[in-house]
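What follows is calculated from the coordinates using simple rules that are stated; it is not laboratory data. This structure is a prediction, so every number in the text was calculated from the model and none was measured. Virtual Cβ from ideal backbone geometry, glycine too; neighbours counted across all protein chains shown.
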2 protein chains.
Amino acid sequence: MDDETPDCGHDHDHPRVAHEALAPHVLERAAAIFRAAGDPGRLRILHCLLCGEHCVSDLADESGDGLSTVSQRLKILRAERLVTRRRDGKHIFYGLADEHVAELVRSALDHARHDH
Amino acid sequence: MDDETPDCGHDHDHPRVAHEALAPHVLERAAAIFRAAGDPGRLRILHCLLCGEHCVSDLADESGDGLSTVSQRLKILRAERLVTRRRDGKHIFYGLADEHVAELVRSALDHARHDH
DNA sequence: TCGACAGTTCATCATTCGTTCAACTGATGG
DNA sequence: CCATCAGTTGAACGAATGATGAACTGTCGA
């Protein structure tokens, strides 16, 4: 290979770029996770779930939004596998998918708190 | 206070809800952070910045997008204070705002990688 | 089996978002 | 001072998103 080939057409010092290749589907997936959490309504749900499972009605009550609205939000969170679902009689309980997700949410919330 | 007052109108066991109150502006802020990171184009930039500062032209070259497009993306990332800006002669160098942001990005990228 | 309750899905509609081109600012070098 | 390189900003436009009411599914108690 020719190591004199510049990747780009301008003239300054180049940082020794060394990102281990980022697969496109990983990029998409990670962005999708952020996007799912990036809505106040959905993030509020994730926050509620930090302290344990909740059923849809409870989540609706706590946010003051309609059942349908909350259900749609949960659908998106579930599509990105941020939450799990469990049926118990008439109720369906949602919870955070894993501790990794919980950490991500706590982390951003903390960052947002200590940041004026 | 009356501890017999139920918050909601339905009939099952209630989880002992104990979220320390989540201030609305904290919710908004955290959601805004996630939202800013929740676009593949912007997340790619954040990923590039994980290994140090880059100028706008380099970021444009690495993604294959136009200068204007990249500049717009950086504007959003900067509005959410995820990146910092530094002028050096003709070039403007961007970098991650702090280690906390770096950790958030690494964390989501890792999660996305180990998740098929 | 019927009715009520818990949730989901569907279609619609207004809003927000992301990209792009063109015009602009600002620093550097001749 | 002027040309050029580096980057920003603004407007326009199509695509994606989020909320909502109505209709639907599924479970339980009487």
- Item | Inter-chain shielding of A:49-61 (mean C-beta neighbours from other protein chains, 10 Å cut-off) | 3
- Using a simple spin-label model with points 7 Å from Cα along the Cα→Cβ vector, what separation in nm is obtained for residue B:115 and residue A:51? 2.6 nm
- Message: Need one value for B:20-31: mean number of C-beta atoms belonging to other chains within 10 Å of its residues' C-beta atoms.
- Response: 6
- Residue by residue through region B:105-112, which ³J(HN,Hα) values in whole Hz follow from phi under the Karplus form 6.51 cos²θ - 1.76 cosθ + 1.60 (θ = phi - 60°), with glycine and proline marked x? 5, 4, 4, 5, 5, 4, 4, 5
- Item | Sorted peptide list for B:34-46, A:93-105, criterion being average Cβ within 10 angstrom, highest first | B:34-46, A:93-105
- What residues qualify as long-range amide H neighbours of residue A:97, i.e. H under 5 Å apart, gap of 5 or more or another chain, H built at 1.01 Å from N? A:83, A:84
- Task: Amide H neighbours of residue B:55 under 5 Å, at least 5 residues apart or on other chains, H built in the peptide plane: list them.
- Result: B:94
- Note on the structure: Partner shielding of B:42-48, taken as the mean number of other chain Cβ atoms within 10 Å, equals 4
- Message: Using square roots of five times the C-alpha gyration tensor eigenvalues, list the equivalent-ellipsoid semi-axes of region A:24-113 in whole Å, biggest first.
- Response: 21, 15, 13
- Query: Can you list the HN-Hα couplings for region B:87-101, worked out from phi with the Karplus curve (6.51, -1.76, 1.60; θ = phi - 60°), rounded to whole Hz and with x for Gly and Pro?
  - Reply: 8, 9, x, 7, 9, 10, 9, 10, x, 5, 5, 6, 5, 4, 5
- Going highest first, how would you order B:20-26, B:74-80 by mean Cβ packing within 10 Å? B:74-80, B:20-26
